[in-house]
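Each remark here refers to the structure printed beneath this line.
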Amino acid sequence: MNNTNKILIDDIENATGKVLEIDFEDMIDDIPSSKPVKSHLTIKSLGDFIEVKGIVEADLMLECDLCLKEFEYKLKEEIDETFAKKTLLDEYGQETEIKEGQFVTDLEGSDEIDICDLLYQSVILNIPNKKVCGINCNRDVFQTDEEFVEEDPRMEVFKNIKLDK
């Protein structure tokens with residue numbers, strides 16, 4: 001292998017049983033993680049395709065959508081990716097039927113797989129849409145640069161509204 005972040009296709013092809021086991025532990029740029037991202041991957045050659053399966057774990061530092069407080073979110077996701085060694089258009093023509101659950105990344109003739117890019121995509125795509133620090137989050141408390149304030153001062157204007165019944 002040329003370094004720990006890239007896996008050469010030739011290394012997979014020349015491995016016993018055409019299978020490589022990879023353990024990864026490092027910080028990845030642009031992932032808001034407090035600790036190194038960890039992963040155990042099994043990379044297998046399947047003829048024209050390469051299958052990557054495993055687990056990725058990260059301790060992400062996220063901002064709560066309700067109280068704006070930073071919190072740690074433990075992410076643990078399975079990875080199940082398939083890569084095409086040859087360019088798909090050259091091999092299969094213009095029309096190829098994709099069945100449910102079948103996603104293939106075209107390596108476009110590249111001789112390596114970028115592990116950092118694979119893990120980055122797996123982590124970023126699995127960050128929850130709604131980021132909440134906990135089940136008991138107090139959404140009436142929001143964070144300012146100096147301190148926590150009990151109520152949002154922007155809501156003061158609504159305290160004096162009287163409704164006729």
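The values are calculated or read from the model by the stated rules, or taken from the named source; none is laboratory data. Just so we're clear, the structure is a prediction, and the values are computed from it rather than from any experiment. Here the Cβ is made from the backbone with ideal geometry for all residues, glycine too, and neighbour counts use every protein chain on show.
In the range 138-161 there is no residue that is modelled with pLDDT of 75 or more, in contact with a strand residue (DSSP E or B) (Cβ under 8 Å, 6 or more places away or on another chain) and exposed (fewer than 14 other Cβ atoms within 10 Å of the Cβ). Within the range 22-41, the set of residues being assigned to a strand (DSSP E or B), surrounded by 14 or more Cβ atoms within 10 Å (Cβ to Cβ) and either of a type outside the set (A, V, I, L, M, F, W, C) or in contact with a Phe, Trp or Tyr (Cβ under 8 Å, 6 or more places away or on another chain) (or both) comprises SER33, VAL37, LYS38, SER39, HIS40, LEU41. Figure legend. Inter-residue proximity from the range 71-85: first residues free of Cβ contacts under 8 Å to residues at least 60 places away in the same chain, second residues part of a strand (DSSP E or B) and of a type in the set (Ser, Thr, Tyr), beta-carbon distance below 6 Å, spacing 6+ or different chains. Indicated pairs: PHE83/THR105. For the range 1-21, the tally of residues that are under 18 Å from the mean Cα position of the chain (by Cα) and assigned to a strand (DSSP E or B) stands at 1.
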